[in-house]
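*Asks:* There's a structure below that I have some questions on.
The values are calculated or read from the model by the stated rules, or taken from the named source; none is laboratory data. Computed from a prediction, not measured in an experiment: that's the story for all the values here. For neighbour counting, all protein chains shown are included, and Cβ atoms are generated from backbone atoms with ideal geometry for every residue, glycine included.
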Amino acid sequence: MKHPRRRFIQQAGTAAMAALAPLSAATGDATPTGTRVTASKNHWREAVVLNQQRQAVSGSTAALASAIRRGADLRVYTEFRHNEHVDPKSASRELIREVTDFRVTYLLDDRWVAGVINLRQPISLPDGFGPRPSMSFFLYNQNGDQAIARPYLDGGPTPGKMGPAPLDDHSAMPKYHQFDAWDTGTNAPSSNFVYEFETYRYMVSDDWQEVCACDANGKVLSGSIDTLADEFAQGREVKVGITGLCDDVSSTNRAAPAHEVFVHCGSCYYYTEQKQFSAASHPVVRVQPAIPLRYQSKGWDFGWLMPRSDGHVARWLLDPYTLKFNRSDRRHAMRWFVR
């Protein structure tokens, strides 16, 4: 005869495992059978897909612009062959998939989207990092045009001269088409190009909510500062869209198109009596506005911002050629988003 206490323990254990199964599925933890279940919803969707010739094959650039206008995040999925893009001397034609996170986005003329990678050190696949510490400020336009600005961080020699420079030799990479080169041999070379990826999938996470819009003098145009303050106090993420942020970034005298730059915010602060909201931005790459968006000599910089709900934007910007910081401030209209 089975022992009653043993039977009770077995039944209790079975019931406990059954009760924990939904929790494991919800959290993505391993279930008792060792099967990993992920129940979280993927909030990313394709806005537009381009083929290798950078022609839209699904979605539309208008849908992409609409999402970015609503504060959506941007990622781009691409595919390339190892011996065509990473190491032309290799015999390996292995297909590599890449998803790139563009944490700074531009909406130009209310219709044209560009994104900039703002946090990346150069990667040397498949082993590690590039030969010198620098920032890889890759830039993608909605039509597949690409660019790279590379401020070095190690204080190395800078024998080069400012201005246009000869194109690099990409004869071993026939899918790489370089348009120009700038400031070669300086501390901040840049260039504009197209690499013919197998596909370009512009994906957006369109789950931000606009809660307040203010003009450059802090007048509330829609939403409210109270709502922004209440939502951020609940732990929600904050993003800001700043109108005309790059109006003073210019290597020419031509007029800049209207533009709005979106950037994530880190620490945020709310003065409860003054009802004033401010934030510390993530690093921002500022580029002279143009369609398409492109780097050129003295036409870009980067740094940090402290936007404030009264229209004040404090700037702590770095000259990429000298790595010297400069303090300044301006007034801008801005929109605040939470997630």
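*Asks:* Go over the candidates F277, F232 one by one and state the one that is more than 30 Å from H85 (Cα to Cα), in a helix (DSSP H, G or I), in contact with a Cys (Cβ under 9 Å, 6 or more places away or on another chain) and not assigned by TED's automatic domain parsing to the domain that holds T100.
*Replies:* Values: F277 fails: in a helix (DSSP H, G or I).
Just one listed residue meets the conditions, F232.
*Asks:* Tell me, which residue of segment 92-101 that is of a type in the set (A, V, I, L, M) and in contact with a helix residue (DSSP H, G or I) (Cβ under 9 Å, 6 or more places away or on another chain) is surrounded by the most Cβ atoms within 10 Å (Cβ to Cβ)?
*Replies:* Step one: filter segment 92-101 for residues of a type in the set (A, V, I, L, M), giving 95-96, 99.
Narrowing the set further to residues that are in contact with a helix residue (DSSP H, G or I) (Cβ under 9 Å, 6 or more places away or on another chain) leaves 95-96.
Numbers: L95: 9, I96: 16.
Filtering first and then ranking leaves I96.
*Asks:* Can you tell me how many residues in segment 112-140 are within 18 Å of the chain's Cα centre (by Cα) and charged (D, E, K, R)?
*Replies:* Taking segment 112-140 first, the residues within 18 Å of the chain's Cα centre (by Cα) are 112-123, 134-140.
Still in the running and charged (D, E, K, R): 120.
Result for segment 112-140: 1.
*Asks:* Taking V249, is it among the β-branched types (V, I, T), assigned to a strand (DSSP E or B) and outside the structural domain of Q142 (by TED's automatic domain parsing)? Steps first, answer last, please.
*Replies:* Working: among the β-branched types (V, I, T): yes; assigned to a strand (DSSP E or B): no; outside the structural domain of Q142 (by TED's automatic domain parsing): yes.
In short, no.
*Asks:* Output yes when any residue across segment 102-124 is loosely packed, with under 14 Cβ neighbours inside 10 Å, without any contact (Cβ under 8 Å) to a residue 40 or more places away in the chain and among the aliphatic types (A, V, I, L, M), and no when none is.
*Replies:* Among the residues of segment 102-124, at least one is loosely packed, with under 14 Cβ neighbours inside 10 Å, without any contact (Cβ under 8 Å) to a residue 40 or more places away in the chain and among the aliphatic types (A, V, I, L, M), which makes the answer yes.
*Asks:* Quick test of your reading of the structure: H177 fulfils all but one of (1) in a loop (DSSP other than H, G, I, E, B); (2) closer than 30 Å to A62 by Cα. Name the failing condition by number.
*Replies:* (1)
*Asks:* Follow-up question, since we're still on this one. Residues to consider are S190, S250; find the one that is closer than 22 Å to R150 by Cβ, surrounded by 14 or more Cβ atoms within 10 Å (Cβ to Cβ) and at pLDDT below 95. Spell out how you get there, then give the answer.
*Replies:* Numbers: S190 fails: at pLDDT below 95.
Only one candidate passes the filter, namely S250.
*Asks:* Moving on to the next point. How about segment 313-339: which of its residues are buried (at least 18 other Cβ atoms within 10 Å of the Cβ), of a type outside the set (A, V, I, L, M), within 24 Å of G71 (Cα to Cα) and touching a residue at least 40 places away in the same chain (Cβ under 8 Å)?
*Replies:* H332, R335, W336, F337
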